[in-house]
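See structure below.
The values are calculated or read from the model by the stated rules, or taken from the named source; none is laboratory data. Remember, it's a predicted structure, so these values are computed and weren't measured experimentally. Every residue, glycine as well, gets a Cβ built from its backbone with ideal geometry; the counts of neighbours run over all protein chains shown. Heavy atoms of the whole protein, side chains included, go into the accessibility calculation; ligands, DNA and RNA do not. Shrake-Rupley method; radii C 1.70, N 1.55, O 1.52, S 1.80 Å.
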Amino acid sequence: MSDDFHKIRRLPPYVFAHIDPLKAKARAEGVDVIDLGMGNPDMPTPQHIVEKLQETVKDGRTHRYSTSRGIPGLRKAQASYYGRRFGVKLNPDTQVVATLGSKEGFANMASAITAPGDVVLVPNPTYPIHSFGFIMSGGVVRSMPADPNEDFMRSLDRAVRHSIPKPIALVLNYPANPTAYTASLDFYTEVVKYCREHDIFILSDLAYSEIYFDENDPPPSVLQVPGAMDISVEFTSMSKTYSMPGWRVGFAVGNERLIAALARVKSYLDYGAFTPIQVAAAAALNGSDDVIDEVRKIYKYRRDVMVESFGRSGWDIPVPKATMFAWAPIPAQFAHLGSLEFAKLLIKETGVGVAPGVGFGEYGDQYIRLAFVENEQRIRQAARNIKKLLGSKTGAGNVVPLVGSGAS
């Protein structure tokens with residue numbers, strides 16, 4: 001009898017399984033680990049959302065099974081959000097499904113539409129579920145560039161022409177995890193035109209739609225493009241926007257056929273999130289945007305602190321335009337190690353936890369992902385610890401001037 005099951009054999013070793021035990025060991029030895037690895041928001045959920053949960057949970061009628069599509073009020077709230085934010089009109093009954101976070105929604109969509117051997121085009125590097133949702137469903141992943149630059153369309157056309165069978169879907173993720181790349185509406189327009197011509201679905205992960213740092217350039221939705229609704233579904237999440245990661249609330253919206261397929265799969269697998277959580281999530285979406293503005297302000301300040309302090313320590317950090325991450329090349333003197341060994345070295349020598357880029361695809365192996373999940377003082381301490389390892393005695397070139405007092 002085989003030691004591994006078929007689907008398990010298709011999965012590579014989980015890179016972070018090498019890092020997490022090292023962090024646990026360091027903590028057990030009394031090391032104050034500054035963990036910039038996991039994108040796990042540290043800010044509490046806004047109080048009015050918590051209070052709505054507390055109010056609702058007192059009603060015993062809400063303790064029963066919910067519905068896997070999401071309660072009507074939550075789906076209406078998400079449709080209203082898309083109308084306000086993107087000018088996109090959605091039918092909450094046929095074009096919106098509430099998910100247990102965008103990750104669950106993406107994995108179940110992959111299960112719903114993928115037959116064994118189907119080819120899917122996925123950015124590399126990218127968030128792991130974008131690839132492994134399809135791999136676990138029997139699909140074949142073909143890598144695409146992660147950067148939405150002038151080479152993307154050439155790569156897309158080449159991939160479509162040389163893939164047998166023809167790809168069924170293209171995954172997009174902007175603002176991107178881990179790279180923090182952003183895409184323009186012009187880019188989406190070109191991609192939608194091509195995919196419509198070649199009958200390719202677009203699956204867009206927009207989990208970081210509200211974590212952007214230029215208030216004059218908010219990230220667009222692919223569904224803003226005329227005709228995109230015919231072929232596209234977009235995934236969003238409450239986790240980062242409202243600091244609700246443990247609540248597990250997200251959404252899939254868009255093409256009715258794809259949404260119906262996802263809803264049918266989910267109907268066999270779950271009963272939806274706990275109703276009081278859904279009610280509280282609806283209150284968040286229907287409430288003031290002030291809480292989103294505050295979250296965005298905090299992440300921007302932490303970004304600037306990281307770029308400035310790490311730069312002075314000898315590690316230049318490219319300035320991300322969006323997300324809660326920096327995507328940083330490994331310092332030159334350690335590039336030969338690769339991202340996993342460098343991440344191990346950082347834990348051992350500095351007590352700083354990071355995410356090795358190879359965990360997001362082989363083309364990420366010369367990079368490290370750093371999350372803005374510690375306050376200013378902790379980020380600066382991480383920079384001081386790393387400075388000792390790098391042997392830096394002078395400031396580096398990539399320094400962002402900071403304005404105002406810190407936010408933790």
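Of note:
- Positive-end residue of Ser204, Thr189, Ile168, charge dipole of the range 103-210 with Cβ unit charges: Ile168
- When each of Lys52/Lys266; Lys52/Lys344; Lys103/Lys297; Lys25/Lys58; Lys52/Lys103; Lys193/Lys321 is checked by Cα-Cα distance, pairs over 32 Å: Lys52/Lys344; Lys25/Lys58
- Sum of -39500 (n - 2.57) over DSSP H runs of 4+, divided by residues of the chain (222 nm, nearest 500): -13000 deg cm²/dmol
- Once you divide the Cα radius of gyration of the chain by 2.2 N^0.38 Å, the number left is 0.99.
- Sequence of Val15, Val249 from largest to smallest accessible area, 1.4 Å probe: Val15, Val249
- Accessible area of the chain divided out per residue, in Å², using a probe of 1.4 angstrom: 44 Å²
- Amide H to amide H, with H built 1.01 Å from N, Asp205 comes under 5 Å of Leu172, Asn173, Tyr174, Phe235, counting only residues 5 or more places away or on other chains.
- The magnitude of the dipole of the range 202-287, with charges of +1 and -1 set on the Cβ of Lys/Arg and Asp/Glu and taken from the Cα centre, is near 480 debye.
- Under the convention that each Lys and Arg Cβ holds +1 and each Asp and Glu Cβ holds -1, the size of the dipole of the range 221-376 around its Cα centre is about 200 debye.
- Local electrostatic count at Lys266 - Lys and Arg +1, Asp and Glu -1, tallied over other residues with Cβ under 14 Å: +3
- Counted charge near Ala176, where neighbours are those whose Cβ lies closer than 10 Å (Asp, Glu -1; Lys, Arg +1): -2
- Note: relative contact order over the chain, using C-alpha pairs below 8 Å and six or more positions apart, is 24 percent.
- When the trypsin sites (Lys or Arg not before Pro) in the range 304-396 are filtered for DSSP coil states and for at most 14 other beta-carbon atoms within 10 Å of their beta-carbon, the remaining sites are Lys393.
- Range in the chain, longest, excluding exposed GluC sites (Glu not before Pro) [loop by DSSP; at most 10 other beta-carbon atoms within 10 Å]: 216-408
- Taking other residues whose beta carbon is less than 9 angstrom from the beta carbon of Asn375, and scoring Lys, Arg as +1 and Asp, Glu as -1, yields -1.
- Charge dipole magnitude, Cβ of K and R +1, D and E -1 - the chain, Cα centre, debye nearest 20: 600 debye
- Note on the range 226-313: dipole from Cβ charges, positive end direction compared against Gly246, Ser313, Phe274; the farthest Cα belongs to Ser313.
- Dipole of the chain, positive end: most advanced residue of Phe372, Pro41, Ile292 [Cβ charges, Cα centre]: Pro41
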